[in-house]
1. For residues in region 53-84 being among the basic types (Lys, Arg) and assigned to a helix (DSSP H, G or I), which is farthest from Leu101 (Cα to Cα)?
2. Residues in region 75-82: is at least one in contact with a Pro (Cβ under 7 Å, 6 or more places away or on another chain) and modelled with pLDDT under 90?
3. Quick test of your reading of the structure: Glu50 fulfils all but one of (1) outside any helix (DSSP H, G or I); (2) modelled with pLDDT of 90 or more; (3) surrounded by 13 or more Cβ atoms within 10 Å (Cβ to Cβ). Name the failing condition by number.
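The values are calculated or read from the model by the stated rules, or taken from the named source; none is laboratory data. Being a predicted model, the structure only gives us computed values, none of them experimental. Every residue, glycine as well, gets a Cβ built from its backbone with ideal geometry; the counts of neighbours run over all protein chains shown.
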Amino acid sequence: MRVSTDYASRNVFFDKYPEFNYNPNTPITNEFARLAETRKWRLGTRVYRENQRLCILYEYKFLFGDRTELETLQVVCEKIGLAGDLSSITKCKMALAVYTLVADKVFPRGQAERDVVLRILVKRLN
């Protein structure tokens, strides 16, 4: 499957499925689960994982675009409700590292390794 680099619209992933009534006011994970159900993508299958990865990637690119590393980290911290001194890359990374451990948040590691900010957010699963 080829991935487009057109991230102009939050809907770009869902645009491939015109019969699906995408609701941008609903969390992206809920909308993907709803789409997966209509498309009969079973949780744990390759097709499910690949489409989930693309959906999250498009959402990430829409939300964060081409900001500097510090700006992106600060936006991520603010969006997930982290407070405190976020004045440096190191401080943001530390806050996010603690958050990912406490909140048990995960993202596909292979995709994250290609993006400096996502690398910080991804937790290695053993």
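1. Checking each candidate, the answer is Lys61.
2. No, the conditions are met nowhere in region 75-82.
3. (1)
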